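Note sheet for the following structure.
The values are calculated or read from the model by the stated rules, or taken from the named source; none is laboratory data. None of the values given here were measured: they were computed from a predicted structure. Please note: Cβ atoms are built from the backbone with ideal geometry, for glycine as well, and neighbour counts cover all protein chains shown. Heavy atoms of the whole protein, side chains included, go into the accessibility calculation; ligands, DNA and RNA do not. Shrake-Rupley method; radii C 1.70, N 1.55, O 1.52, S 1.80 Å.
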Amino acid sequence: MARIFLRVMLGLAVLAGSQGFPASAFASASASPSTDAAGQSTVTVRSTRDPVDKSYRKMIRGMERFERERALAPQASLRFQLLPRSRTVDMHGITLRIAGDSVNVPVTVDGNNTFVLPRVDQALREDAAVLANRRTTSMTWRALIQSPGVPPGMRRLGDLRLECLVGKEAGLVSNRSLFGWISDVIDTPEGVCNSPDGNYLFFAERPLFAVTLRAGDRVETLPFGMLYAGGEQTRADLEYCDCQVLLDRTYYVPIWDRSWPDDTLVEFEYMTDPGAAP
């Protein structure tokens, strides 16, 4: 049994390596065979890497993807954003650092819990992690790409298309389920962001009532099924979705549908006034 388990773990490690996963992703998800007093083989499995921690290499790859795909949002800037995933997480005073074997670089987080990730060559060589001072699964991460000149209360569709590509490339979407993690290994940014079945969730600033697309004279209000993570999440499902405490702020948009140009405006109708508590 121990031998079979070790082969499974090795197979997962090989699969991850073939997809560009850092070796450190398995550094704390390893199995140690031993023999008990009765001569039976046993396996001790150490805990997996904290999902709140992110691979520095993958986040840098996301930044490189942003530069390659700038045609989607030529004037935009890129920041990364931290969002709550637990009702008890304190989103004030969050600190981040890039941590490797010898590297320890603080990352400045602004009052809106967004940040720019610096490029540190030594951290890349050491396969460093980006560490937050918060507990496992307490937060989720997203790319935040914003073009200038977009009216308040709206987003630009090309920005959102690029957010999806960067977010998937950077490995930002977290999931506590082992099967969800394996799905992330197999999925690609193109497979998720260019498919109506990609299910890449976006988060609005406040609870949503409606989302409308506007491109010239073409106007379309999105159906209910594109709000609230599809409207089909059960209490059990929410444990594995990074939307679990922001469900009323989630939405999908047809980023895969090229009949909507990149300059399409995504307009939000909120349930609450700007001054109301989120």
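Does segment 138-177 hold any residues that are assigned to a strand (DSSP E or B), open to solvent by 10 Å² or more (accessible area, probe 1.4 Å) and of a type in the set (A, V, I, L, M, F, W, C), and which are they? Write out each step before concluding.
Step one: filter segment 138-177 for residues assigned to a strand (DSSP E or B), giving 139-146, 154-156.
In the following step, the residues that additionally are open to solvent by 10 Å² or more (accessible area, probe 1.4 Å) were identified as 142, 144, 146, 154-156.
Result: Leu144, Met154.
Summed over segment 82-99, residues that are within 19 Å of Ala128 (Cα to Cα) and open to solvent by 30 Å² or more (accessible area, probe 1.4 Å) total 2.
Looking at the structure I just gave you, is Asn112 open to solvent by 50 Å² or more (accessible area, probe 1.4 Å) and under 23 Å from Gln244 (Cβ atoms)? For Asn112, the condition - open to solvent by 50 Å² or more (accessible area, probe 1.4 Å) and under 23 Å from Gln244 (Cβ atoms) - is met. In the condition set (1) farther than 22 Å from Val245 by Cα; (2) out of contact with any Leu (no Cβ under 7 Å at 6 or more places or on another chain); (3) surrounded by 12 or more Cβ atoms within 10 Å (Cβ to Cβ); (4) at pLDDT below 50, Gly11 is compliant with all but (3). The set of residues in segment 185-217 being without any contact (Cβ under 8 Å) to a residue 12 or more places away in the chain and outside any helix (DSSP H, G or I) consists of Asp197, Gly216, Asp217. Summed over segment 45-76, the residues that are open to solvent by 40 Å² or more (accessible area, probe 1.4 Å) and modelled with pLDDT of 95 or more give a count of 11. Per this entry, Asn104 is not counted among residues that are touching a Lys or Arg at 6+ places or on another chain (Cβ under 9 Å), surrounded by fewer than 15 Cβ atoms within 10 Å (Cβ to Cβ) and at pLDDT below 95. Within segment 100-133, being among the acidic types (Asp, Glu) and part of a loop (DSSP other than H, G, I, E, B) holds for Asp101, Asp110, Glu126, Asp127.
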